[in-house]
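Structure record follows, encoded as structure tokens.
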Amino acid sequence: MTRFGTIRLRIARTRQKSFLPVGLRRFQWRAEEVSLLIREAFLRGISTRQVGGVVPPCFWTVSLRVRRPTGRKQVQMLVAYGIRRDGRRHLLAFLRSQGEGQADWEALLGDLYRRGLEGQALDLILTDGCAGLAAAIRTVSPRVRHQRCWVHKMRNILEKARKRDYDEVNVGAQAIYRAESRAQAQAAFRAFRSRWRRAYPTMVRRLQQDLPELLSFFAFPRHLWRKLRTTNVIERCFVEVRRRTRPMVCFVNVESVDRIIYSIFQRFNLEWKTHTLNLFTQAA
């Protein structure tokens, strides 16, 4: 288990030499960062029964089991959603995939283009920091601004913080994206860098490298900032997908996966549309 979902590894076995990947201990089945997440959830007051419901939503990838002639296989879902300048949201597309590489994301972006979303009015692309998606964006939409998700970035930052520094690091990093302007955000980063570059040089250096793409949302109207700086909207959709599909254990075929996912996402779109219409009616 990793923060990106469950990954199956085939590890060679010999009598005299180990082929374990770097960072993987013998018989280990869960990444250290996942263990730390579970521990922190428990220490912050979440019961052992509730921890199981808190941990899964932290993973970005939606993976589902599907029955195949060769046995049960896992398929992943790559998902795209759009936000208009007036704040309206719409889940645009999903694609079954075997991974999250550049080619996989280019296939999803290509599908959107073929169905009419050519990106002529596209102002910003928001991602969770996936390297494959970032590479695909540079190929397909190189001139469009890129925004990195602050939730995922905060998770990466706090994973490096020692327990005694956790709260102070958290407050300092939050001050960057909660600033009133891009200039204030940059000033907050300089203060953060001055405070922590000796204790956490690698973490601070990576934050500085990613900062331009973390502050792209400031170029848009203020009422959109909260929606544009995180992938929370799509994360909540994934939580609902997991909740609805968990009792199914394993899908009969890939067509049944498509039908279920489409139905769940279409319900979200209808709810968002109804909510928006209600707001417009009240405003009128």
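Annotations
- Here the label points at Ala107 and Ala191, each 7 Å from Cα along the C-beta direction, are separated by 4.7 nm in the simple model.
- Carbon + sulfur, % of accessible area of region 146-242 - ligands and nucleic acids excluded, 1.4 Å: 47
- Ordering of 180-186, 125-131 by packing is 125-131, 180-186, highest average first (other Cβ atoms within 10 Å, averaged per residue).
- Using a Förster distance of 30 Å, the FRET efficiency for Ala93-Asp210 (Cβ separation, nearest 0.05): 0.70
- Under 11 Å from a label point set 7 Å out along the Cα-to-Cβ vector of Ala135, the amide N atoms of region 96-113 belong to 100-106.
- Note on Glu180 and Arg222: the model spin-label points, each 7 Å out from Cα along the C-beta direction, lie 0.8 nm apart.
The values are calculated or read from the model by the stated rules, or taken from the named source; none is laboratory data. Keep in mind that what you see is a predicted model, and the values were worked out from it rather than measured. As a convention, Cβ positions derive from the backbone with ideal geometry for all residues, glycine included, and neighbour counts pool all protein chains shown. Surface areas here come from the heavy atoms of the whole protein model, side chains and all, with no ligands, DNA or RNA. Shrake-Rupley method; radii C 1.70, N 1.55, O 1.52, S 1.80 Å.
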